[in-house]
Structure formats: C-alpha cells, structure tokens
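Scroll down for the structure; my scribbles are underneath it.
The values are calculated or read from the model by the stated rules, or taken from the named source; none is laboratory data. It should be emphasised that the depicted structure is a prediction, and the values quoted were computed from it without experimental measurement. Every residue, glycine among them, receives a Cβ derived from its backbone with ideal geometry; neighbour counts consider all protein chains shown.
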Amino acid sequence: MPLPDRDQDWPPPHIKREMRLYEEWGAWYAGDPDRLADVYGSTGMVHGIGLDPKGWDRPSKGFSGWIQRAARYFWGTPVPLGQVRSTKLHIPIAGDIAATSADLLFSEQPTLKVPGKTSQKRLDKIMHEAGIYGALLEAAEIGSAYGGSYLRVGWDTEMYDHPVMSVLPPDAAIPEFRYGKLAAVTFWRVLAEDDSSRQVWRHLERHERGRVLHGLYLGTPDRLGKQMPLADHPETEIYADQVDENGGFDSYYPRGLLVSYVPNMRPHRLIRGTSLGRSDYQGVEHLMDALDETWTSLMRDIRLGKGRVIVPDLFLDSLGRGSGAAWDADREIYSGLGMLPPPGAQANSMLTITQFAIRVAEHVDAGKALTAQILRGAGYSAQSFGESDGSGQAVTATEVHSREKKSFSSRGRKTGYWNPTLQWAPDVLLSIDHAVFGRKVSAERGEVHWPDGVQPDPEALGRTVELFNRAQAMSLETKIRTVHPEWDDHQVHEEKERLRDELGLNVPDPDRLDDVLVPSLGEE
C-alpha cells in the first residue's frame, strides 16, 4: 500500500481514540502541570466550579463539555476567580514508574548470541558503537508510559560505518498488524508550522516488507494536504535522490520490516481486540490525580498555617495619603491611648495571633497509601522504588526477590514481549551491515539470554561454593558456572584451564581422557 495520494484528515480518524489515550498518558509521563490542565480541560477561570474535584458535588445539568470533565478530576478544576496563581502541586510518580520499569528490564544488559565467531564479534561491536543498549533502555521507558514503542534500524554512510537504531513513540505512528505482528507502519513528523497561514509541513515515512517510502506533504493542522516533491524541504531533500519513481527504495532486508513494535503489556483493557500494548498508567490515572490533590492539600495547610498577627488600625504607621499604612513588628514603644481598656482586658488583648494546625501526619499517611495503591495497580512493588520496611537490615538476593515479587513478575511478563524484537535485532543489523557496508558477516536470528535481575550477595555465594567444595559435592566447572552463570561454554573452559594452571593440578581434563590413554596403550 503506497503513501496517501490525496488530502485527508490527519491523524486518520480510525486512530483518534488511541491518540487521545497517548495524549493523556504523555501528560502524566511528562510531569508538566500545564499539559495535565490542558488534557483534563482546566483552562480559564470559573467561579464556583470544581468545589469538589472528585465529582460528588457535580455541576447542574446546564453545564456541559469541559466543565463536566472539570468536576471529575482534580487537574480538571479551573483556577477560581480572585486567585492569582494555580496552587496545584504535581508529584512525578508517573515518570518514576516508567524509569523503574526500564531499569528492571535493561539496567543489566541481556546477551545476544548468533552463530559464528566473526558475526558475533561484529554484532558485539555494533551493539556498543551504535548505542543499541541505550536505545533499548529508552524504548522500555517510552513503552511503559505509552503502552509500546517502535525500534527502527537504518543507516547513514556519511556519518557512520555501521547500522544505527532509533526509538520512535507510538503517538507518531499508524501501525498495521496481522495476527498480532506488525505488517506495516507509517511514521510522521511535523517539519514546520506557520500559525499565521495555518500551513503545516509533514514528513511521512512508511515501512513495508523489503521497502521504505518517503513523502512530503503541505497541509493544515488537521488536514494532511497535498504531496510535494521531497526536494522542497531541507529536512527531506536527502531522500530525493534515493527514492525511485514509486517514492521508495529497497530496505536490504527482504525477510521483514526495518521496524519492530514492542508492546509494554497485553491485553489492552480499553480497546478490545487491538494488538497495541497498554500503559502502566492505565487504570491508575485517577489515583495519581488524587495523589496530587493530597500533596496540594498539604501545601495549602502549610500556607494557611503561617503565623499571622492582626493589629488594630492605631498600631499602623501611615505611609502618606493614598499610600496605605504599615506595621513595624520590631517596634518597642507606642504612644499611650487616651482611653480605658475594656473591663478585664489584658495589655496585649488588642493583638490577635492566628496560626492554624498543619496536618502533616494525616497527609503523609494518605500520600503513602495512595502511592502504594498506584504502584500495585501499575504492577510493581513499593520496594522497587526505594520504600523500605523500616528494619534497616541487609537482605539477601532471595529476600529481595521475595519482597519485590510483583515487580519481578511484571518484568518476567515484559521480557516475553521483548524476546521477538531482541531476536530480530541481530538479524536486521547484520543484514544492513552486510548489504550497505560490505561486511562479510552472516545474518541470522539471535538467541537472547536475560540476566537474573538481582545480583547475588558475593559473600553468601562464596560461602555456598566453599561448603559444597568441602563436601566434595561440586566439580570445578560447576563452581565456575555457579559464580558466573552468564558465561558461555568457551569462557567457562578458558577459566577452568587457567585455574588448573594456577593450582598446579595435573589431573587430565575428562574431555581429553581418550587423547591421554590411547597413545599410552599404543606404546605398550
């Protein structure tokens, strides 16, 4: 299917529901109070609306539109008339969830293996020089927030001597799935926008099996417009000499797309039947809204709890006609008053000190409870976010797994969605490296080996190996594999040979026992 050849609504109407969700989740992920207010409709100032942000005191039926939404969310309530600034406080817990999700997956790098030493060596070099592991970490964070992310492989022979990988968010893509797998996708980006003429330049990039197509369009904010030559804009003129008469070129990867979609988690609870993933924020947006309301209420208590002194007018010094009056709190002597004080009045009875209580404990407890519920709803344990049990004692790796069981369960589910992409990556990277850069490598799908996720306690591991060694219940190779579970057979064999040489062990390797016995029998 080619790029659009006529004017149409943009983004297309069939993805408007997805775009609305991306806009909401993106506002929470960005942590921008202005974006949250725009998403939930808190624009302008209205008197008397949103007295109860959760909607128990809803507006009358005469109100509609964004005012009705304002009564449902704390971030939907407008700034009341007479208030100079918005006093709403935002806690960026959504960003913490996305970052922690990415750390659980890729803080320790997975190992990608392909057949052949030459291909493996070249793949390792590409992974480090092209910053592939950084791209995986970025994609995992974006996927946690938006419900999925796209990884795209490409090349630029003027800047790099290897393939490159970039991450694209789902709100800039129109995917086409077939049996749950990405069959084609069209990315778009806004190159320039003129507010006065309402003209918008857009670049569309479509990926199909074995093909990549590029198109330049001049339209309006809500219309795609007509297709223009690629050379008409400096951002797309680099593709003008590369595309053929059909507007595309060969991707050098006939087995599939140069793009892979990684869902964060399935199924999507709001859109049934879609192959898109769901965000970690899905279902806890109202709880994050309530958390912001809680901490905003605490800050309101702090502002109202400031001590204030109310004095009569006679204690004020006039600043001149039309300039008001002021009171010097450090002044020690005042002129006597030509009047008798009220019966039973004290000397300082004309000064009123006002200071309200600040309910810190109540707000903190409510905030902790909401935070725990948000993390539980997102699929994580509170311990993964630095919340301790208060004991202050060191814990073992087994105890960490036990306390963070929910987080590691979510991590295990997400690794299953990442495996197809991590197997695809070596194949497409080495294919491009061979076809574009002329490397003598063979492209094949790789094997993925995930780390455990929690580093074992070295001291406890050492004691375990020592106990098994004393009981003569563990061979040298088993010891090495216990201490280094991530090593392959070649690394284990080399380490075993080094230990034999250092310890002066003359016992022959069982794997080479025949080589030792056969010559000796021949000599006899």
Among (1) assigned to a loop (DSSP other than H, G, I, E, B); (2) crowded, with 16+ Cβ neighbours inside 10 Å; (3) of a type outside the set (S, T, N, Q); (4) in the same structural domain as ARG152 (by TED's automatic domain parsing), there is one condition TRP424 misses while meeting the rest; what is its number? (1)
Please identify the pairs in which a residue from segment 1-30 that is without any contact (Cβ under 8 Å) to a residue 24 or more places away in the chain has its Cβ atom under 7 Å from the Cβ atom of a residue that is loosely packed, with under 12 Cβ neighbours inside 10 Å, counting only partners at least 6 apart or on another chain. none
Give me the strands (runs of 3 or more DSSP E) completely within segment 152-248, filtered to those with at least 3 residues that are in contact (Cβ under 8 Å) with a residue 40 or more places away in the chain, ordered by residue number. 173-178, 181-194, 199-208, 211-220, 223-228
Quick count over segment 277-300, residues being assigned to a helix (DSSP H, G or I) and either free of Cβ contacts under 8 Å to residues at least 40 places away in the same chain or among the aromatic types (Phe, Trp, Tyr) (or both), is 1
The residue from VAL262, VAL243 that alone is farther than 30 Å from VAL360 by Cα, surrounded by 14 or more Cβ atoms within 10 Å (Cβ to Cβ) and more than 33 Å from the chain's Cα centre (by Cα) is VAL243
State all residues of segment 206-238 that are closer than 28 Å to LEU182 by Cβ and small (Gly, Ala, Ser); if no residue qualifies, say none. GLY210, GLY215, GLY219, GLY225
Neighbours by Cβ (under 7 Å, 6+ apart or cross-chain): first from segment 469-481, in the same structural domain as VAL492 (by TED's automatic domain parsing) and within 13 Å of HIS493 (Cβ to Cβ); second among the basic types (Lys, Arg) and at pLDDT 85 or above: LEU476/LYS496; GLU477/LYS496; ILE480/LYS496
Within segment 208-227, does at least one residue satisfy the condition of being touching a Leu at 6+ places or on another chain (Cβ under 9 Å), over 21 Å from ILE432 (Cβ atoms), assigned by TED's automatic domain parsing to the domain that holds TYR261 and among the hydroxyl-bearing types (Ser, Thr, Tyr)? yes
Checking the conditions here, which among LEU123, LEU104, LEU112, LEU89 is of a type outside the set (D, E, K, R), part of a strand (DSSP E or B) and touching a residue at least 40 places away in the same chain (Cβ under 8 Å)? LEU112
